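FYI, it's all coordinate maths here, none of it is from the lab. Here the structure is a predicted model, which is why all the values come from computation and not from measurement. Every residue, glycine among them, receives a Cβ derived from its backbone with ideal geometry; neighbour counts consider all protein chains shown.
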Amino acid sequence: MTENVSWPKASEGGRVVGKEEIRTYWTRQWQEFDPHVEPLEVIDREDGKTAVKVHQLVKSLAGDILSDSEVWHVYTIENSLIERMNLREDETSSTQAPSAAFARH
């Protein structure tokens, strides 16, 4: 990742910028949810981005399934490092509401 990598906060909405901010967000997210993402398909797009279709399973810490879905992660790569990651639905937006996958039941 680049030093100023931009990443969506799928469980909260909005974005974080920078490796340490991402680490803090992921640590907080994993204290509330048990997400598992498995790549299904990778497409190198003509616009220089890489789209990855993933199977995403999100469980509560008690083991209840909150979401079981397929979503697209779209990566912008610069000099072999991830500069930005978008969820398919937020490619044109700088902020976003939390993903339905992290809805609290």
Original post:
Karplus couplings for the range 15-24 from phi (6.51 cos²θ - 1.76 cosθ + 1.60, θ = phi - 60°), rounded to Hz, Gly and Pro as x?
Top reply: 9, 10, 10, x, 4, 5, 5, 5, 4, 4
Original post:
Reachable lysines from LYS59, Cα under 22 Å, same-chain residues fewer than 8 places away excluded?
Top reply: LYS9
**OP:** Quick one: net charge around TRP30, please, counting Lys, Arg +1 and Asp, Glu -1 for every other residue with C-beta under 14 Å from its C-beta.
**Re:** +1
Original post:
Fewest first, what order do GLU38, GLU21 take by the number of other Cβ atoms within 10 Å?
Top reply: GLU38, GLU21
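Considering every Cα-Cα pair within the range 6-94, what fraction, in whole percent, is farther apart than 17 Å? Show your work: numbers first, answer last.
On the way: 2086 of 3916 pairs.
In whole percent, the share of Cα-Cα pairs in the range 6-94 beyond 17 Å is 53.
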